[in-house]
Amino acid sequence: MPISTVTFQMNALAQMEALNEALARSQSELATGKKLQTAADNPAAMAQVNALNVQLSVSQQGVTNGNAVRTSLQLEQNALSSASNVLQSVREVALQANNSDLNPSERQSLAAQLQQLQQALLAAANTRDGNGAYLFAGTATTAQPFVQAGNAVSYLGTAAVNQVQISPDQSLSVSDAGSSVFMNIPTGNGTFTTAVGPANTGNASIDPGRVSNASAWVADTYTIAFTSPTQYQVSNSSGTVVGSGSFQDGDSIAFNGVSVTLSGTPAAGDQFTIAPAGKASAFATVSSLIATLGSGNLSNAQLATQIGQAVQQLDSSLDRLNNVQAGVGSRLNAISDAADSAQASQTTLQTTVSQLTDVDYAAAVTKLSTQELALQAAQESYASIARLSLFNYLP
């Protein structure tokens, strides 16, 4: 059918406009390196890219959170190390003080050293991070957790700690509550405590003791009473005798699955007590040791017993700090593992996004060249045909 000149021109111009738009798009893809620039380009692919970007954002936020937790835990690790060093120094002073040749003045000097160490321990427990938050305050990070009033140190923080998500399915504690680090530590050997009777006249002391059969132990207050320097009997709080025997310096006395060792020579009428262990803070242990060394009214046997108890409790405090440090180390390892996993996941996600959005330069350059040739050919054809006229064929 006949085609008018106007129709021909409109069709030709529309074709060239389409070719020009395609060429411009190809040039834009090469310039930006992106073949998916708007949702209109490929709605399904854009929806997939958006979902992948959300996953990338969540993964990266987990890495960022992990880095923040790592910094906090490293500060906590340093504080725990400082506290351990302080308690180790306290232990060394205690061992130095457990010497019957020392006079009261010398013990007072050692007590003064312990007071300085106690302040160092308090400073470690009140460590803050770069933002001023207290590491061992639990969730109450803006308030000082440990406060001293006289010889007593109180914990004002919370037992709960802040949790931070380091991966889509894993959260970690940012720190440890001071109550679980420095407070509520079992006294004595963790099962019972020992003490020398205040009215004893002999020179025998008693060690912290040990548990040989936990199932046989009956929690109660027991009294070891000496009827003579070589004979004793053990009674419970009801007065029932649960053990008896002969004794000489260095012997162990065993009953109900536990045993204690006495050193020295007791006098007739001397008594020693064994009571269920309670709880005490690391600060209370140091304060008690300071009081022991500062007292001028204790016998050598009482001094040796109380210092021995303090050393046992210091060991328990050090064990607690070591366990907390091990937990911190496990969390640091978990952060590293999560970061490695996130990196691998992000690489996979970024590769998929790249496949959906990035330009294949070799293919794009070939496509651009083809489009340029097609547009040039269309333009030349239009120009040639547009010049044609019937008058060109008239004689």
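Note on residue 340 and residue 241: the model spin-label points, each 7 Å out from Cα along the C-beta direction, lie 6.6 nm apart. Summing charges over neighbours of residue 124, with a neighbour being any other residue whose Cβ is under 14 Å away from its Cβ, gives -1 when K and R count +1 and D and E count -1.
In this simple spin-label model, placing a label point 7 Å from the Cα along the Cα-to-Cβ direction at both residue 139 and residue 10 gives a separation of 7.3 nm. If a spin label sat at a point 7 angstrom from the Cα of residue 165 along the line to its beta carbon, the backbone N atoms of the stretch 44-86 nearer than 17 Å would be those of 51-69. For residue 96 and residue 147, the difference between the fully extended length at 0.36 nm per residue and the C-alpha to C-alpha distance is 15.5 nm. In the stretch 181-261, Cα pairs under 8 Å separated by at least six residues give a relative contact order of 26 percent. In the stretch 194-277, the ratio of gyration radius to Kirkwood radius, Rg to Rh, stands at 0.93 when only Cα atoms are counted. Cβ-to-Cβ counts within 10 Å put 10, 46 in ascending order as 10, 46, the fewest first. Taken along the Cα-to-beta-carbon direction at a fixed 7 Å, the label points for residue 51 and residue 291 span 6.7 nm.
The residue 77 and residue 370 beta-carbon pair, evaluated with R₀ = 51 Å, returns a calculated FRET efficiency of approximately 0.20.
Every read-out reported here was derived from the displayed coordinates using simple, explicitly stated rules and does not represent laboratory data. Here the structure is a predicted model, which means the values were calculated and not measured. Every residue, glycine as well, gets a Cβ built from its backbone with ideal geometry; the counts of neighbours run over all protein chains shown.
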